[in-house]
Amino acid sequence: MSRYGIENLPYGVFRRPGEAPRLGVRLGSTVVDLSPLGGLLHQSTLNPLMAAGRAQWTAARAAIVEYVSAGPARIPLSDVTLDLPFEVADYTDFYSSEQHALNVSAILRPDSPGLPEHWRHLPIGYHGRSSTVVVSGTPIRRPSGQLGAGVFGPSRRLDIEAEVGFVVGVGGRRIHTDDFAEHVFGITLVNDWSARDIQAWEYRPLGPFLAKSFATSVSPWIVPLDALAPVPANPQDPQPLDYLLPAGPGFDLRLSVEWNDTRVSAPPFAAMYWTAAQQLAHLTSNGASVRTGDLYASGTVSGNSRDEVGSFLELTLSGKEPVKLSDGSTRGFLEDGDKVTISGTTIGAAGVEIGLGEVTGTILA
Ligand code: CA
């Protein structure tokens, strides 16, 4: 059975050669043009629909299901170009996998491994660079930067971070965790490319900066929340402050990371400590606003074992134990020409497995 059947119908923006971009939904390995439905669905980007709010999202999905059920024309994905499906407003990246935080701490700070003192009290995050959020398939030019005192050059420790992104439809301030589904339109897969050598030199005390801002790739498909099946969030200790409660839903998303066509990892989103509702509540808790098109990402998704980690820093223990790929070569960090694809599946609201799209990128020198 296709993971892109009528139970799923993720949104994207596609172009045929010489034509303007249009909204579509993915059906199998084809896309269905939504422009005949008019209004919010006859657009070149998802933003107008996203801004219209949950009642319109539900109505649009019902209309699309009816339209797709009637057997409209389908355009093979091989005949179209997929664009960034929404105009990215602001971009925020969290750090909400406890196992990832522990792994990074053990690798980078072996003298004092463990979680930072505040980690279980608030969802740590930083503001990223929305202007360099790019759609899957966009080549990633190896970044250059300061690698240490007196050294500027191309990063030698280029890495990935497999994450899940949440796309804000309706903006707001001080968003309660209970209102998560009124504000968040859907999810997308994210690769937060990271230059570990630049990061290690620059990040203290203010966190990631140029080590991350050169590129963030997203899937061209936005899976609407309505297609997903929430699961109970994980227990939290200590109990979070009131503004972070109730925790809101968890999601049992199973990610997959391929390095040059070798599957190297299967990060489990269900293991995340902080929920997307808590991240949004925290992000807006000081009075800061979010707006239509804001993207916030979960943070690297890592589970308890080496084959469940969401970064190559963890997979190869910072390059000390290179991973063997199916062509017999070994890797510590990314080499020029390497390709990484992150994909995902989940059991959706209809009780069947659905695809979460994929985000891919190839490294240029
Ligand atoms: Ca990240």
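The values are calculated or read from the model by the stated rules, or taken from the named source; none is laboratory data. As the structure is a computational prediction, the values presented were derived from the model and not from experiment. Positions of Cβ are generated from backbone atoms using ideal geometry, with glycine treated the same way; all protein chains shown enter the neighbour counts. Calculation scope for accessible area: heavy atoms of the full protein, side chains included, ligands and nucleic acids excluded. Shrake-Rupley method; radii C 1.70, N 1.55, O 1.52, S 1.80 Å.
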Exercise. Semi-axes of segment 39-114's equivalent ellipsoid from the Cα gyration tensor, sqrt of 5 times each eigenvalue, largest first, rounded to whole Å?
Worked result: 42, 17, 14
Exercise. So what is the accessible area of the chain per residue, in Å², with the probe set to 1.4 Å?
Worked result: 41 Å²
Exercise. Once amide H atoms are built 1.01 Å from N in the peptide plane, which residues 5 or more positions from Ala297, or in another chain, come under 5 Å H to H?
Worked result: Thr92, Asp93, Phe94, Phe166
For this session: Give me the number: length gained by fully extending Ala349 to Asp178, i.e. 0.36 nm times residue separation minus the C-alpha to C-alpha distance, one decimal in nm.
Result: 59.7 nm
Seminar exercise, completed: On the formula 1/(1 + (r/R0)^6), with r taken between the Cβ atoms of Val231 and Arg16 and R0 of 45 Å, the FRET efficiency rounded to 0.05 is 0.70
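Would you please give the FRET efficiency between Ile6 and Arg109, computed as 1/(1 + (r/R0)^6) with r the Cβ-Cβ distance and R0 = 35 Å, to the nearest 0.05?
Numbers: r = 49 Å, r/R0 = 1.39.
Using R0 = 35 Å, I get an efficiency of 0.10.
Take every Cα pair under 8 Å in segment 315-365 that's 6+ residues apart, average their separations, divide by the length, and report that relative contact order as a whole percent. Walk me through the numbers on the way to the answer.
Numbers: 66 pairs, mean separation 15.3, N = 51.
With pairs under 8 Å counted, the relative contact order is 30 percent.
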Exercise. Taking the Cα centre of each part, how many Å lie between segment 6-24 and segment 290-351?
Worked result: 27 Å
Exercise. Tell me, what ³J(HN,Hα) does each residue in segment 339-354 have, in order and in whole Hz, if you take phi through Karplus 6.51 cos²θ - 1.76 cosθ + 1.60 with θ = phi - 60° and put x for Gly and Pro?
Worked result: 10, 10, 10, 10, 10, x, 9, 7, 7, x, 4, 8, x, 10, 5, 10
Exercise. Looking only at segment 68-94, which residues have a backbone nitrogen under 15 Å from a spot 7 Å from the Cα of Thr132 in the C-beta direction?
Worked result: 91-93
Problem set entry | Test item: Cα-centred dipole of segment 1-153, Lys/Arg +1 and Asp/Glu -1 on Cβ, debye | 240 debye
For this session: Could you tell me which of Ala277, Gln239, Gly250 has its Cα farthest along the dipole of segment 216-365 towards the positive end, charges placed at Cβ (Lys, Arg +1; Asp, Glu -1), taken about the Cα centre?
Result: Gln239
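Could you work out how much longer the chain between Leu122 and Ser285 gets when fully extended? Use 0.36 nm per residue separation minus the Cα distance between them, nm to one decimal. The partial results should precede the final answer.
On the way: separation 163, 0.36 × 163 = 58.68 nm, distance 1.11 nm.
Net length gain for the segment: 57.6 nm.
Taking every pair of alpha-carbon atoms in the chain, give the share separated by more than 32 Å as a whole percent. Mind showing how you got there, number by number?
Working: 19177 of 66430 pairs.
Within the chain, distances greater than 32 Å cover 29 percent of Cα pairs.
At 222 nm, what helix-only mean residue ellipticity would the chain give, in deg cm²/dmol to the nearest 500, using -39500 (n - 2.57) for each DSSP H run of four or more?
Values: 7 runs with 55 residues, N = 365.
Taken over the chain, the calculation gives -4000 deg cm²/dmol.
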For this session: Whenever you get a sec, compute what percent of the accessible area on segment 80-212 sits on carbon and sulfur atoms (1.4 Å probe).
Result: 53 percent
Seminar exercise, completed: One checks the Cα atoms of segment 297-365 and finds Rg and Dmax, in Å, of 14.6, 44
Seminar exercise, completed: One checks the Cα atoms of segment 1-138 and finds Rg and Dmax, in Å, of 20.1, 63
Exercise. If you rank His100, His176, His282 by how much accessible surface each has, with a 1.4 Å probe, what is the order from largest down?
Worked result: His176, His282, His100
Problem set entry | segment 203-262: relative contact order as a whole-number percent, Cα under 8 Å and 6+ apart | 30 percent
For this session: Using only the alpha-carbon atoms of segment 186-301, report the extent along each of the three principal axes, biggest first, to the nearest angstrom.
Result: 39, 35, 32
Problem set entry | Inter-probe distance in nm under a simple model that places probes 7 Å from Cα toward Cβ, at Val65 and Asn304 | 3.7 nm
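Between Ala73 and Asp327, take the C-beta separation as r, use R0 = 35 Å, and let me know the FRET efficiency to the nearest 0.05. Please list the in-between numbers first.
Working: r = 40 Å, r/R0 = 1.14.
So the FRET efficiency works out to roughly 0.30.
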